[in-house]
């Protein structure tokens, strides 16, 4: 799975879109979109020490089986320049919670 860095300027409102994926089977190296049917998504912005800076609802885009999500910046969530990480917390209809990625975070840079 290729991870791309989300880059933006402080104060910009360009949304953060991502396709959430997981390995089809552990160690296979084959990735597939996560089925988000009936799920809710929360976006987490974390600092380099792992502390959560922003927690906010995200949107599922298009067909939920495609795993595509979006977070729209608002309320100063990107008011500080620096390098951060992004994570997505999925709550499935069954109540099971999964965070993507399961370790670390995808890079975010505010200039």
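The values are calculated or read from the model by the stated rules, or taken from the named source; none is laboratory data. As the structure is a prediction and not an experimental result, all values here were calculated from the model. Methodologically, a virtual Cβ is constructed for each residue, glycine included, from the backbone with ideal geometry; neighbour enumeration extends over all protein chains shown.
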Going by the conditions given, is residue 50 modelled with pLDDT under 95 and over 16 Å from residue 110 (Cβ atoms)? yes
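Looking only at region 78-105, which residues are crowded, with 18+ Cβ neighbours inside 10 Å and farther than 19 Å from residue 39 by Cα?
Answer for region 78-105, where residues must be crowded, with 18+ Cβ neighbours inside 10 Å and farther than 19 Å from residue 39 by Cα: 78, 84, 85, 105.
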Which residues, counting only those in region 36-59, are surrounded by 16 or more Cβ atoms within 10 Å (Cβ to Cβ) and touching a helix residue (DSSP H, G or I) at 6+ places or on another chain (Cβ under 9 Å)? 36, 39
Neighbours by Cβ (under 8 Å, 6+ apart or cross-chain): first from region 23-39, free of Cβ contacts under 8 Å to residues at least 12 places away in the same chain and on the phi > 0 side of the Ramachandran plot; second loosely packed, with under 14 Cβ neighbours inside 10 Å and not in a loop (DSSP other than H, G, I, E, B): 29/23
Quick one: what pairs do we get from region 54-78, first residue at pLDDT 95 or above, second surrounded by 16 or more Cβ atoms within 10 Å (Cβ to Cβ) and assigned to a helix (DSSP H, G or I), C-beta under 8 Å, 6+ apart or different chains? none
Of the residues that make up region 89-101, is at least one farther than 13 Å from residue 18 by Cβ, modelled with pLDDT under 95 and over 14 Å from the mean Cα position of the chain (by Cα)? no
Which ones in region 5-35 are surrounded by 14 or more Cβ atoms within 10 Å (Cβ to Cβ) and over 19 Å from residue 105 (Cα atoms)? 35
Of all residues in region 63-111, how many are assigned to a loop (DSSP other than H, G, I, E, B) and under 24 Å from residue 12 (Cα atoms)? 12
